[in-house]
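I have placed the structure first, in the form of structure tokens, so that the comments after it can refer back to it.
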Amino acid sequence: MIGLVVIVVTALLYGGSASAASDLPHHEVLDENGDFVLSWTFDDEQIEFEARVKTRGWLGLGLSPNGGMPGSDIVIGWVKDGQAYLTDRYAEEKALPPEDESQDWELLSGYENDTHTVLRFKRKLQTCDVRDRVINKDTLRVLWAWNDEDPDDAGPAYHRQNRGVRSSVFLRNNIESESVPRSVQSHDVTMTNVSKRSLHCVDRWMNQICIFEILKLRHCKKDNVHHHTQPSSVSLQATIPPKRTAYWCRLVEMPKLQTKHHIFKVQSVITPGNEGMVHHMIVYKCHPNPNRTVSPHEHPGHECFTPNMPQDWMECYKGSLIAAWAVGTGDVSFPSHVGYPIGDENDGGQVLLEVHYDNPLQKEGTTDNSGLKFLYTPELRQYDAGILAVMSSVDYSHIVPPYADDFRTETFCNQECLSAFMDEVGEPIRVFGNMPHAHLLARKIRTSLIRNGVETVLSQDDNFDFNLQYVRMLDEEFTIQRGDTIMTECTYNSAHQNQSVYGGLGTENEMCESVLFYYPRIDMILCESSPHPLNILSFAGVEEINYSLEAPGWINNIPIVKPANMSDMTYEDVVESMVWDQEKAQRFSRHLREGPFISDCGFRGQSFHGTSRFRKESPLPKASVPAAAPEDVCSSASGPAGPEMAAMTGVLSLAIFSVLSTL
């Protein structure tokens, strides 16, 4: 039995441990060494910060549109001769930022000791100053910096290497303060030294060396005869595959429980030094199967979706989704009335851990033991939690053309499918959290619900960052009823690309996905849709294809039937032949949204084993009555700042101040 420890960010302070401000509920370390600790609290109108920085000079914090100096809203402060100072500044270029005419950051207190400077300050979320950035629920990019000398008459000196950038979400709903169970246990679901290389074993009977894939750890094969062996003097030290994208799977035994328990918190366990390579992790709960292939405890697993992976592991993809984590997610705590069930009648005692490794430098020799820690309790909560992904199909039907700075795609969960699964539990479902997920080109992601022709936004991020896929706990739970349609919309910037990017599992591919955390749990883990392949190809003049909704096959291999001059081409040939520019990309986006879609739902990999009864062709749902626009608090502001700021209200990012930064 272990006690639950609430993780709080700390930093060193004069000879002891300087913990983050205890009266401010949110904490984050901005730099890798723990020298810049930021704490904060907020309400509907303002946000209050405390910065604890290992310096006796000045410190700086900035709100940036993209992580760079130009366009950043910056605050610089210091303590000199016992007096605290704070200046509101802005950056128009990579140079010393001048002071803002409107000083909107307010100094509350400040002091320094032998090693650290501590400043507390606040600001309105929306100041209506054209040089200030709005602080909202979007991803914020934090520019941070410091110098060990106080400013002189010439202003703050260059920070040199004491600077950085970090994405964050400031206006977050913190549920850590909710009741903690009296009885708490934990279980780690992690990798065991991932590798794809062959190992050696000694055949103790044949006295020969056999080389074999790790899948055959207990057998050596010679002349079609299997010889049982013991892995004598074999090291299982192994490495992340040296390629850009790898999906690795490992079957992990869960605790032997006699009664149902609830997981109430999930924490990431990342091998130190691998933070930049572990992109996302998913854990599937396997249904009971006494004959499922079980590997030794030290077995590192297999590359997913390959012949080496035991086929009966694929059954776990039809189980329920226990956890979804991506880079930047952090810990995920469930509300006090919700928990994820384990040890119940649907629990096979095993889970499948799938890790997406992103290795752009194709480094060799990197070992990994990353995964997730589950905190669970026998004190059952009122509801069983579930996780549902509403997403575009992960294949060639998802196309992001090049040269487009604002390319929009939409996907949805059709109401027939969603209603059928809700009928099985006999009540609506209630969403309490959301994690948007996409890859490198994504800039905006929005999740909404259409009910009776009216669209309501559940969650959105107009400044999405691939490196911060944060789980947002909603301020209020949102009820999804029978007949509702869930929508996911993604906007991409491919202006720097010279060729199309397709949907796929790799980091260099794209996704459009909204992961919903909800209750009570229904027997469905994904709901996806994509433009009909004929609608996609009709943009290039295709009139007929050899395609069946009942037996779809691989979309990139669909043959063209008409016109005759394209009959020797496939889907992929036609798409690759398209010539793009910005205007054509926008026409393509509109063309897709106006044509038919194919939707499906149920379990991952279902289409490989037969057509779902919910697979159907339908138009993209439309909201005939748009949701009301948010109030523009600056439209009536006096002076030139009001109208200018009204035009600039958009996405905000918190970013690092860096005087003369090279960012």
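Specify the residue that is nearest to L592 (Cα to Cα); the eligible residues are those in region 380-407 that are in a loop (DSSP other than H, G, I, E, B) and touching a Lys or Arg at 6+ places or on another chain (Cβ under 7 Å). Give the steps one after another, and end with the answer.
Quick first cut of region 380-407, residues in a loop (DSSP other than H, G, I, E, B) only: 380-382, 385, 393-398, 401-406.
Adding the requirement that they be touching a Lys or Arg at 6+ places or on another chain (Cβ under 7 Å) leaves 380, 385.
Details: L380: 46, A385: 35 Å.
Ranking the qualifying residues of region 380-407, first place goes to A385.
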remark   = Of the residues in region 505-549, those that are open to solvent by 40 Å² or more (accessible area, probe 1.4 Å), part of a strand (DSSP E or B) and within 19 Å of S599 (Cβ to Cβ) number 1
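Among the residues that make up region 283-293, is at least one of them under 20 Å from the mean Cα position of the chain (by Cα) and closer than 22 Å to L526 by Cα? Steps first, please.
Taking region 283-293 as the starting set, the residues that turn out to be under 20 Å from the mean Cα position of the chain (by Cα) are 283-284.
If we keep only those that are closer than 22 Å to L526 by Cα as well, we get 283-284.
Yes, region 283-293 contains a residue that is under 20 Å from the mean Cα position of the chain (by Cα) and closer than 22 Å to L526 by Cα.
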task = Could you grab the pairs with beta carbons closer than 8 Å, sequence gap of 6+ or different chains, first residue in region 551-569 and in contact (Cβ under 8 Å) with a residue 60 or more places away in the chain and part of a loop (DSSP other than H, G, I, E, B), second one surrounded by 14 or more Cβ atoms within 10 Å (Cβ to Cβ) and of a type in the set (K, R)?
result = none
remark   = A careful count of residues in region 405-418 that are at pLDDT 90 or above, open to solvent by 10 Å² or more (accessible area, probe 1.4 Å) and within 15 Å of E528 (Cα to Cα) gives 2
ask   = Among the residues of region 568-579, is any in contact with a Gly (Cβ under 7 Å, 6 or more places away or on another chain), open to solvent by 10 Å² or more (accessible area, probe 1.4 Å) and of a type in the set (D, E, K, R)?
value = no
request  = For region 36-51, state whether one or more residues are touching a Phe, Trp or Tyr at 6+ places or on another chain (Cβ under 7 Å), open to solvent by 10 Å² or more (accessible area, probe 1.4 Å), closer than 19 Å to P151 by Cβ and in a strand (DSSP E or B).
outcome  = no
ask   = Which one is farthest from the chain's Cα centre (by Cα), of the residues in region 121-155 that are without any contact (Cβ under 8 Å) to a residue 60 or more places away in the chain and in a strand (DSSP E or B)?
value = D152
Options A585, A646, A637; residue that is farther than 22 Å from T447 by Cα, part of a helix (DSSP H, G or I) and either charged (D, E, K, R) or modelled with pLDDT under 65 (or both) = A646
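Any chance you could count how many residues in region 481-509 are touching a Pro at 6+ places or on another chain (Cβ under 6 Å) and over 12 Å from H398 (Cα atoms)?
Taking region 481-509 first, the residues touching a Pro at 6+ places or on another chain (Cβ under 6 Å) are 481, 485, 494, 497-500.
Filter once more, so that each one left must be over 12 Å from H398 (Cα atoms): 481, 485, 494, 497-499.
Total meeting the criteria: 6.
Can you report the number of residues in region 329-342 which are open to solvent by 20 Å² or more (accessible area, probe 1.4 Å) and under 28 Å from H297 (Cα atoms)? Please lay out each step first, then the result.
The first filter runs over region 329-342 and keeps only residues open to solvent by 20 Å² or more (accessible area, probe 1.4 Å), leaving 330-331, 336-337.
From the residues that got through so far, the ones that are under 28 Å from H297 (Cα atoms) too are 330-331.
Counting residues in region 329-342 that are open to solvent by 20 Å² or more (accessible area, probe 1.4 Å) and under 28 Å from H297 (Cα atoms) gives 2.
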task = Please name all residue pairs, on different chains or six or more residues apart, with Cβ atoms under 8 Å, provided the first residue is in region 102-120 and is more than 11 Å from V53 (Cβ to Cβ) and small (G, A, S) and the second residue is open to solvent by 50 Å² or more (accessible area, probe 1.4 Å) and part of a loop (DSSP other than H, G, I, E, B).
result = S102/R131
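Against the definition (in contact (Cβ under 8 Å) with a residue 40 or more places away in the chain, assigned to a loop (DSSP other than H, G, I, E, B) and surrounded by 15 or more Cβ atoms within 10 Å (Cβ to Cβ)), how does F170 come out, yes or no?
Numbers: in contact (Cβ under 8 Å) with a residue 40 or more places away in the chain: yes; assigned to a loop (DSSP other than H, G, I, E, B): yes; surrounded by 15 or more Cβ atoms within 10 Å (Cβ to Cβ): yes.
Judged against the criteria, F170 is a match.
Looking at the structure I just gave you, is P360 more than 18 Å from T293 (Cβ to Cβ) and in a loop (DSSP other than H, G, I, E, B)? Even if it seems obvious, please write down each step before you answer.
Details: more than 18 Å from T293 (Cβ to Cβ): yes; in a loop (DSSP other than H, G, I, E, B): yes.
It is true that P360 is more than 18 Å from T293 (Cβ to Cβ) and in a loop (DSSP other than H, G, I, E, B).
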note = Flagged in region 367-376 as in a loop (DSSP other than H, G, I, E, B) and either of a type in the set (D, E, K, R) or open to solvent by less than 20 Å² (accessible area, probe 1.4 Å) (or both), in numbering order, are D368, S370
task = Please enumerate the residues belonging to region 306-328 that are open to solvent by 20 Å² or more (accessible area, probe 1.4 Å) and at pLDDT below 85.
result = K318, V327, G328
query = For region 74-95, does any single residue satisfy the condition of being in contact with a Phe, Trp or Tyr (Cβ under 8 Å, 6 or more places away or on another chain), within 28 Å of R472 (Cα to Cα), in contact (Cβ under 8 Å) with a residue 24 or more places away in the chain and not acidic (D, E)?
reply = yes
inquiry  = Going by what's in this entry, would L388 be described as farther than 19 Å from I445 by Cβ and either open to solvent by less than 10 Å² (accessible area, probe 1.4 Å) or at pLDDT 95 or above (or both)?
reply    = no
key: Sole exception among (1) out of contact with any helix residue (DSSP H, G or I) (no Cβ under 9 Å at 6 or more places or on another chain); (2) not in a loop (DSSP other than H, G, I, E, B) for E410, by number   = (1)
Selection status of Y158, over 18 Å from I47 (Cα atoms), in contact (Cβ under 8 Å) with a residue 40 or more places away in the chain and surrounded by fewer than 20 Cβ atoms within 10 Å (Cβ to Cβ) = yes
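Which one is farthest from G62 (Cα to Cα), of the residues in region 89-106 that are open to solvent by 50 Å² or more (accessible area, probe 1.4 Å), among the charged types (D, E, K, R) and over 35 Å from the mean Cα position of the chain (by Cα)?
Taking region 89-106 and keeping what is open to solvent by 50 Å² or more (accessible area, probe 1.4 Å), we get 92-94, 96, 98-99, 101, 103, 106.
Add one more test, that the residue is among the charged types (D, E, K, R), and what stays is 92-94, 99, 101, 106.
Checking the rest, the ones that are also over 35 Å from the mean Cα position of the chain (by Cα) come to 99, 101.
Numbers: E99: 13, E101: 17 Å.
Per the criteria, the residue is E101.
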ask   = Going through region 589-603 one residue at a time, which ones are open to solvent by less than 40 Å² (accessible area, probe 1.4 Å), in contact with a Phe, Trp or Tyr (Cβ under 6 Å, 6 or more places away or on another chain) and modelled with pLDDT of 95 or more?
value = S589
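Tell me, which strands (runs of 3 or more DSSP E) wholly within region 249-350 include 2 or more residues that are within 24 Å of T367 (Cβ to Cβ)? Outline the logic, then answer.
Details: elements: 261-269, 278-285, 320-326, 338-342.
Once the strands (runs of 3 or more DSSP E) in region 249-350 are filtered for at least 2 residues that are within 24 Å of T367 (Cβ to Cβ), what remains is 261-269, 278-285, 320-326.
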query = How many residues, within region 462-503, are open to solvent by 40 Å² or more (accessible area, probe 1.4 Å), assigned to a strand (DSSP E or B) and farther than 23 Å from T329 by Cβ?
reply = 1
remark   = Pairing a residue in region 440-463 that is more than 15 Å from L516 (Cα to Cα) with any residue that is among the basic types (K, R) and open to solvent by 10 Å² or more (accessible area, probe 1.4 Å), where Cβ atoms lie under 6 Å and the two sit 6 or more apart in sequence or on different chains, gives D462/K444
inquiry  = Condition (residue is β-branched (V, I, T) and within 15 Å of R408 (Cβ to Cβ)) applied to region 500-513: is it met by at least one residue?
reply    = yes
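Only one of G34, G60, G3, G71 is at pLDDT 90 or above and not acidic (D, E); which?
On the way: G34 fails: at pLDDT 90 or above; G3 fails: at pLDDT 90 or above; G71 fails: at pLDDT 90 or above.
The match here is G60.
Please specify each residue of region 243-277 satisfying the condition of being of a type in the set (G, A, S) and more than 24 Å from F517 (Cα to Cα). Don't jump to the end; show me each part of the working.
Let us first name the residues in region 243-277 that are of a type in the set (G, A, S), namely 246, 268, 273, 276.
A246, G273, G276, listed by residue number.
The values are calculated or read from the model by the stated rules, or taken from the named source; none is laboratory data. If you're wondering where the values come from, they're calculated on a predicted model, not measured in any experiment. All Cβ positions, even for glycine, are placed from backbone atoms using ideal geometry, and neighbour counts span all protein chains on display. For the accessible areas, the whole protein counts, side chains as well, though only heavy atoms, and no ligand, DNA or RNA atoms are used. Shrake-Rupley method; radii C 1.70, N 1.55, O 1.52, S 1.80 Å.
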